[in-house]
Structure formats: structure tokens, C-alpha cells
1. Chains A and B: how much accessible area gets covered up at their contact, both sides added, probe 1.4 Å, in Å² to the nearest hundred?
2. Under Stokes-Einstein, with the Kirkwood radius over Cα pairs standing in for Rh, what whole-number D in µm²/s applies to region B:68-151 at 37 °C and 0.692 mPa s?
3. Compute the relative contact order of region A:47-144 as a whole-number percentage, counting only Cα pairs closer than 8 Å that sit 6 or more residues apart in sequence.
4. Per residue of B:60-71, count partner chain C-beta atoms within 10 Å of its C-beta, then hand back the mean as an integer.
5. Rounded to the nearest whole Å³, what is the per residue volume of the convex hull around the Cα atoms of region B:176-287?
6. What is the average number of partner chain Cβ atoms found within 10 Å of a Cβ in B:286-298?
7. For chain A, what is the accessible area per residue in Å² when the probe is 1.4 Å?
8. Just the Cα atoms of region B:212-360, one point each, no solvent: what log10 I(q)/I(0) does Debye give at q = 0.08, 0.09, 0.20 Å⁻¹?
Amino acid sequence: MKKFYIALILTLMYVPILLVIIYSFNNSRISSLWDGFTLRWYRDLFRDRSMFIALGNSLILGILSSLSAAVIGTLGAVGLYTKSGLIRKRHPVGKLIEFLAVLPIMIPEIILGMVSLAFFSLLGLPLGMSTLVIAHTVFCVPYVYLVVKGRLVGMDKSFTEAAKDLGAGEWRAFFDITLPLILPAVVSGVLLSFAMSFDDVIVSSFVTGPNTNTLPIKIYSQIKTGVTPKTNALCTLLFAATIVLCLLSAYLARPRRKGKTEKKSPGNQKEIFHEKKRA
Amino acid sequence: MKKKGLNLFRRVLLLALAIPFALLTGCKDDGNSLTLFTWDEMFPQEILEGFEKETGIRINYVNFDADEVMLTKLENSNGADYDLVIADDYIIDTVISKGLAQKLNKQKLPNYGNINPVYLKPFYDPTDEYTVPYGAGVQTIVYDPAKVNIKISGYGDLFDPSLANRVAIIANYRVINGMALKILGQSYNTEDLSAIRSAGNKLLSLAPNIRLIKDDHLEDELISGEVSAAVMYTSEVTAAMTTSIEKNLGFEMVFPKEGIGFGPMAGFIPSKAPNPDAAHAFLNYILDPERGALCFEHLGYYSTYAASDPYIDPELKPLLTLPAGFIENMENIKPIGEEADQEHLRIWTAFKAAAGKSDN
């Protein structure tokens, strides 16, 4: 029964994707007919210059907004969850700030897009890559924040305390102790944000400008003329890229040593010992 | 080890801060480009490449997914940023009334005369000052004679009891309600509420025949045999008929005898377009008879340039050009008043409930 249930759910989730991949090699324009294997949709795809401009824009946008979100989200989580942070001190404002920081995940994207556009035109900011990056950073921050927060909560405070005992200032303790410990979470937050930003069509379509077509907008705008198997080919490539990213993210965020109770600590000592020897 | 982590972090921080500024100040127009704002796949690749090679103007092809998004963008930039927009008829009406389009310079469009007169003086541009039509959706019926016992020649035949649960339609209420209006001898665009109401009653008797109401890939359902007859968007009709020709499926396409609704797309130049000359050059380029034919073959919508008709592939010609003598039977589906539109929505909802299907 359990196996059947799992099989059913996985089928529902992945068969549509599998069909898209299969049809990307279909010689017929019509997806309900199989007409032999072909790579011509991939060939057409690679001929389309505007497709690659859009892909490039989407990549730049994803990288910039996920990195900006990484900085803001990490700062936020560290600020709220370290020893002197508002949440650790059980200050009521701490929870409020956390709620406000995570809210963009829950706001419907269409509203986020509309208000962003209204805001940017109020500021007189020309629409383009800068507005795209700002709007995307807004909805990417919560992802980084939540992942990093999870890591910080499980982190042993005594590491940073030890560093400070040994004379390290706040900055030094952060860069030498906290950051390396939370780095896997930051990286997986970045990858998650990148995927979110790369996918987004609704927010983007509001705040994009005349020189920044993104890939999702381009694909979405094919509804007028009918989606060609060229898009199936592109979806296949994107799906492959997404899988690689997700695997990478999962690999980086896998649980590792939990702190002083773990048996790994002798290893740490050995490292320190080695460093001493080198010195 | 630790030092490296620090440097990496700083580098990332710097990068994140520096690149947006670099992009903000970079990416400037070099003065000889055409920002073309329309859906994706509106032109064959060879037309875009040919235009760039011939004129040296670089095409910056950007997309919108919905007409309303395009309008928002133009309102936001106050008619600047984009050189040429191709969109649907009803939204151009709004664009022009808001003063966001500029008048065409016909002297820069020597090929203007190639336009099919059916598509001239449309409701959105009654004096032909702002727009050049580019492709039109024309309402037809496609059916598979092997699976249908009657000969379908108009909307009325779709109501035949022998078609029970065998008909698919698109989820466009003006088109579907319009079928009933046409059967009753009314205009697609009537604002007479009682006429719309009686069309609603008429439409209810179509409900038992409806198997599917959906917008995308309706042609697949016809080809797979899920349904026997369909009222579809023009791009879907073209896809269904081309496949039928390739695979000898024997589908028939019918111009409904009650009257044909159509909706053109058209190009216009926004009021403050940075490079209107390039926009004129591109419009004139596609207005060329042979190039126009290539465009419509790719687009799968009806040719709006009479001079292009003879160049369209003979196999596709019946799908992309109007038969002679149909002109007086055609009617552009226009935006209507608020009250009439509400009535349309009401009868559409009642019809959908009766059909017992949801449009996805």
C-alpha cells in the first residue's frame, strides 16, 4: 500500500515532465502524434539568437538576485539569531521583523509584481535589469533567511564564544567562525533563490524593461502562436539544469557534524595540531 | 583556509554590489536598433535575419505574454522605450485612445497598398492612421467527417443531437456566445441585452454536445479522436489542418454560413518610440508580398496582405487566405459596453455550468 502510494505520487509528479522530454525529440509538430526521433527542435533552438539573449538575461538576473539575497538574508538571520540578536533576547520586535522578512514568500506574486512596478515608477527608476534584480531579491531573501536561520539555530554558541574568549572581535568571530559554519546553508539558499528567480514570469513581466527579455517571459509569450516542440527542447535543457542545481543544493546542505557531542571533534583537534606543527 | 573564506565572501559582496551599477550604466542603445515588442515566434527566423542583414538595423526582440501587460509597459514609459508593437485589435483601441501611438508616415511605407482592404479601416483605427494589420484570427469550425454523420456547414450544425459529447470549444466567451448570436441573426457586437439573453438560452441546448472547454492545444483532442468537431483559435485550426494534410486525416474546415467573426492583430509605433524610422522600415519590409507570405505561413494566422496571397504555399492557402465573396459575411469582434459584457459573462457562466465542464 505504501509503495503504491509513493509510486502514484511520483507518477503524478514526473510523468508530465517525462512527456515533455520525450516530445522534445518528436519529429511531429503536434504532440499527440509520435513521428520518429529528431534533434531538429534542438537545432532550431540553437539558431534562435533572441532565445540566448533571454537565457543570458535570466542567468545574470538569477545570479545577481540570489547573491544579493544571500547577503541580505544571511545578515538578517545572523543579526536576529546570534547571542545579542533580538530573537535570542526574546524581544517582541524580533519576531515581528522575522515575520516581515518572510512575508514576500506568502504574498501572491502578481501583487508583488504590481506593487513593485508602482514603486519603481514612483521612484522614476527606468525598468530593466536593475529593477528586475531588486524585485527578485525581495522574494529571494526569505529563502536564504529561512535556510540560514535553520543552520544558526542548530549551531553551538560556544564556538563563537570561544573565539571571543581568545580575543577575536565581532567581525573576526563572524568571518572566521560563524560564516564557515553556516556557509553550506548560505550556498543552498543561494541555489534555491537562483531557481526561484530563474523560473519567475509573473513578477518579471511587470518590472522588465525594453532590453531585458527573460527566458520565462519569452516562453510564456508563445501562447499566442502555439507552443512549438522547440520549447519542449528548451524545457528539457532547463529541467536538466534544474536537476543539477537541486542535487548540488542538497549535497551542500546535507547534515554534517552537529557540534561538541559528535565524535568528529578529535578530527578538529588534529587539524589544529597540524597547523601548530606547520607554524 | 580561513583567510580564503574571508576573501571569497568579500569578493562576492563586492560583485553583488558592483554588477547592478555596471549594468545600469551599460546596456545603452547604439542608435541603430529596433526594439520589437510582441509575442514570441511571430516572425520566421529568416525574416528577422534578412531584415538585419539588409538594413544593418539590429532587432531587439522582446516579449509580452498578455496585451494588458503591453499596455501597462507603454503607460509606464509613456510611449517611449519600444519602437514597434504588434498586439491584438481591442488593446490597440485603448492604446490609441490614450495617445500612446504615433501616426504612421505612409511615405516610408511604399508597400502599404498591399494590405487586404477587408482589414483596412478597423474599429480601432477607423482612418488607417496608426496601424498596419499583421495576421488575423478568423473563426472557423474543424471536424472529422469520418466520425460525424451530418455535414457541418455552420454553427447551427454543432447543436445536432448526433454530436452529443463530441464537440470541443475554446474558453473565449465572446466567440462562443457569438455563435448563438449569429444563429439568431444578431451581430457579434450587439449590446441589446435581450438579444444576448436569448442567445444564452439558445446556447444552453449546445451544452450536451460539449466534451471539452479549453484554450490550449485543442487541436490535439481532434487529432487523437477525443472529439469530432471543434471551434478553435486560428493557430490551432492551422495546426490541426496542417497535420490532417500531412497524415491524410481528412479533416474539413468550414467557414460558418451564419457569419464569420474575426480579430486582426496589428503593428503600431508608440508615441515616443526611440527609432520610428527603423519601425517603418520593418513594417515596410514585412509588407513586401513574398516576405509577407513567409510570415503568414510561419504565423499560422490569416494573411492580411492581399498581395501576399498568391505567394502562399498552395497547400496552406485555403487555411491562410479568405475565399472570395466572404467579405460581407465577416464581422470584427469588438469590445462592447460594460453592461452587455456583464450579460455575456452571465450567460457564459450558465452555459459552462450546464456543460458540466470547467475550463482549465
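The values are calculated or read from the model by the stated rules, or taken from the named source; none is laboratory data. In this text the structure is predicted, and so the values were computed from the model without any measurement. Cβ placement follows ideal geometry from the backbone for every residue including glycine, while neighbour counts extend to all protein chains displayed. The accessibility values were calculated without ligands, DNA or RNA, using every heavy atom of the protein model including side chains. Shrake-Rupley method; radii C 1.70, N 1.55, O 1.52, S 1.80 Å.
1. 4000 Å²
2. The calculation lands on 214 µm²/s.
3. 41 percent
4. The shielding value for this peptide is 6.
5. Taking only Cα atoms, region B:176-287 has a hull volume of 170 Å³ per residue.
6. Average neighbour count from other chains, rounded to a whole number: 0.
7. Per residue, chain A has an accessible area of 56 Å².
8. Once normalised to I(0) and log-transformed, intensities are -0.32, -0.41, -1.32.
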